[in-house]
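Below is one structure; the comments refer to it alone.
The values are calculated or read from the model by the stated rules, or taken from the named source; none is laboratory data. Note that the structure is predicted; figures quoted are calculated from it, not measured. In this analysis, Cβ positions are derived from the backbone assuming ideal geometry, glycine residues included, and neighbour counts consider all displayed protein chains.
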Amino acid sequence: MLAGIFGPKKKTPEEMAKEWKLKLNGEQRNIDRQVRKIQQELKKVEKAAKASAKQGDMVATRMIAREIVHSRVAVKRLIKAKTQINSVQMQLQQQMSQMKLAGSISKSTDVMKHMNRLCRVTEISAVMQQMSAEMTKAGLIEEMVNDTLDDALNDDVSEGEAEEEVNRVIEDVLQDKLGPARVARSGLPQTAQAAAAAQPAEQEVEENDEMDDAFQARLAALRQ
């Protein structure tokens, strides 16, 4: 009844820290679910890439390769976010220990740094922004201005790096298509190399060159 008259009881810093830790635990589980879902979809996409390469559809193969790269980047970003959440939890634990001695909460630049980064992760940004507002109001961190924080990280992959990764995916697709073994440095599948070893030296050189030219031509076409 008193809470209804005077409003809800104000939470202590220790109670808020415990709530934040629970929310962060929930977000870590949420990240685990999202990573599993992306990895399951990634297997299907990789099969689609092999199928399109087998059919000779070079445009589709490159589009699917970009999707594979995008998914891998998303998984990497989520795993990194989970690590940063763990760092925030450790900092909160230290704050709780200090509060028992000092009786009040103190600002933490480490928590602010990690929360700023977490607010940039699309998959969990809404929850992190709400929590950041609560931490700012409680005095744990200052109000964050992303553009002015020199320690902020930009997790986006540059266009050049993305294209390099796409080309690597395409090479992997072609290698899987050419045979179960990895492509050797000469450009021939290892199984083909073993068979060629029994041929006369001149014929071996010709077959190696033809296979290498065919592989390089298909790879160049997919890169366009």
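(1) surrounded by fewer than 11 Cβ atoms within 10 Å (Cβ to Cβ); (2) at pLDDT 90 or above: which one isn't true of Leu24, the others all being true?
Unmet condition: (1).
Can you spot a residue in segment 104-123 that is closer than 24 Å to Lys10 by Cα, surrounded by fewer than 18 Cβ atoms within 10 Å (Cβ to Cβ), in contact (Cβ under 8 Å) with a residue 60 or more places away in the chain and among the polar types (S, T, N, Q)?
The answer is yes; a qualifying residue exists.
Okay, residues lined up against (1) outside the structural domain of Asp32 (by TED's automatic domain parsing); (2) closer than 20 Å to Asn25 by Cα; (3) over 13 Å from the mean Cα position of the chain (by Cα):
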{"position": "Arg66", "(1), (2), (3)": "no, no, yes"}
{"position": "His70", "(1), (2), (3)": "no, no, no"}
{"position": "Met90", "(1), (2), (3)": "no, yes, yes"}
{"position": "Ser97", "(1), (2), (3)": "no, yes, yes"}
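For the list (1) of a type outside the set (Lys, Arg); (2) at pLDDT 90 or above; (3) buried (at least 17 other Cβ atoms within 10 Å of the Cβ), I need the number of the one condition that Glu41 fails.
(3)
Which one is farthest from Lys23 (Cα to Cα) among residues in segment 124-142 that are touching an Asp or Glu at 6+ places or on another chain (Cβ under 8 Å) and touching a residue at least 40 places away in the same chain (Cβ under 8 Å)?
Filtering first and then ranking leaves Ile124.
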